[in-house]
Amino acid sequence: DGQGCCGALALHSGELALARSQALANIQEFPPDVDAIITNAAGCGSGIQEYPLIFKETQHSEAATEFSGKVMDVSVFLSQFGVEPPQGLPRAINIAYHDACHLAHAQGVKLPPQNLLEQISGVTLTTLPDAELCCGSAGMYNIEQPEIARELGRRKAQLILDSGVEIVVSGNVGCLVQLRMHLNNHVPSIPIMHTIEFIDRAYQGDIQ
């Protein structure tokens, strides 16, 4: 109940003392006997995996390393644990998976979320051109460098529109907000969903 912000945003803005304070609160809050700590936000997962760096050569170094080593993205956990895929969708649907930078580049997680999506009968997964490029969110980049972030977001949105996909899926809240903002005026609208939200709705047969 006492968990709070992971500290990634403070770390992005150079507030090391605040990032350490938020990180330590989480390290002390989570029970030590769990096998895995799951996150569904790529930015948070990436930030937590940097705990050993921000506590290097401090009294909390060992605890930070142990805690960080248990943290994994929900897509990685589900892929390792093994889940039975949804029965299938009412109709075939073409979706784009947007590789969040904090997941693909910082954590090296690319295939697990795509594999989970491709297991769903009826799903065609489209790879966007320049998929490795940032959408412009990048932690606090869209606040600190709004003009560059806006251009990156506009470019990513245009690539999505040109692809003809019906739904865009990603694993990071910052990317979801950025993509939604730049696709908001498109008619008809293109739904933007978290990977797990899409899978959950597929289980319920709620993908129209």
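Let me confirm something: among Ala100, Ala96, Ala104, which residue is of a type in the set (A, V, I, L, M) and over 12 Å from the mean Cα position of the chain (by Cα)?
On the way: Ala100 fails: over 12 Å from the mean Cα position of the chain (by Cα); Ala104 fails: over 12 Å from the mean Cα position of the chain (by Cα).
Going through Ala100, Ala96, Ala104 in turn, just one is of a type in the set (A, V, I, L, M) and over 12 Å from the mean Cα position of the chain (by Cα): Ala96.
Suppose the filter is in a helix (DSSP H, G or I), of a type in the set (A, V, I, L, M, F, W, C) and open to solvent by 40 Å² or more (accessible area, probe 1.4 Å); does Phe67 pass it? Reasoning before the result, please.
Details: in a helix (DSSP H, G or I): yes; of a type in the set (A, V, I, L, M, F, W, C): yes; open to solvent by 40 Å² or more (accessible area, probe 1.4 Å): no.
So Phe67 does not fit the description; no.
Just checking: which of the strands (runs of 3 or more DSSP E) contained wholly in segment 89-208 hold 3 or more residues that are of a type outside the set (S, T, N, Q) and either open to solvent by less than 80 Å² (accessible area, probe 1.4 Å) or touching a Ser or Thr at 6+ places or on another chain (Cβ under 8 Å) (or both)? Full working, then the answer.
On the way: elements: 93-98, 123-126, 167-170, 192-194.
Strands (runs of 3 or more DSSP E) meeting the threshold: 93-98, 167-170, 192-194.
Restricting segment 1-39 to residues that are under 23 Å from Gly108 (Cα atoms) and touching a strand residue (DSSP E or B) at 6+ places or on another chain (Cβ under 7 Å), the residue that is surrounded by the fewest Cβ atoms within 10 Å (Cβ to Cβ) is Ala36. Every listed requirement among (1) touching a helix residue (DSSP H, G or I) at 6+ places or on another chain (Cβ under 6 Å); (2) part of a loop (DSSP other than H, G, I, E, B) is met by Asp1 save one, (1).
The residues of segment 40-59 that are open to solvent by 20 Å² or more (accessible area, probe 1.4 Å), farther than 20 Å from Val76 by Cβ and not in a helix (DSSP H, G or I), listed by number, are Lys56, Glu57, Thr58, Gln59.
The values are calculated or read from the model by the stated rules, or taken from the named source; none is laboratory data. In this text, all values refer to a predicted model and were calculated from it rather than measured experimentally. In this analysis, Cβ positions are derived from the backbone assuming ideal geometry, glycine residues included, and neighbour counts consider all displayed protein chains. The area values use the complete protein model at the heavy-atom level, side chains included, leaving out ligands, DNA and RNA. Shrake-Rupley method; radii C 1.70, N 1.55, O 1.52, S 1.80 Å.
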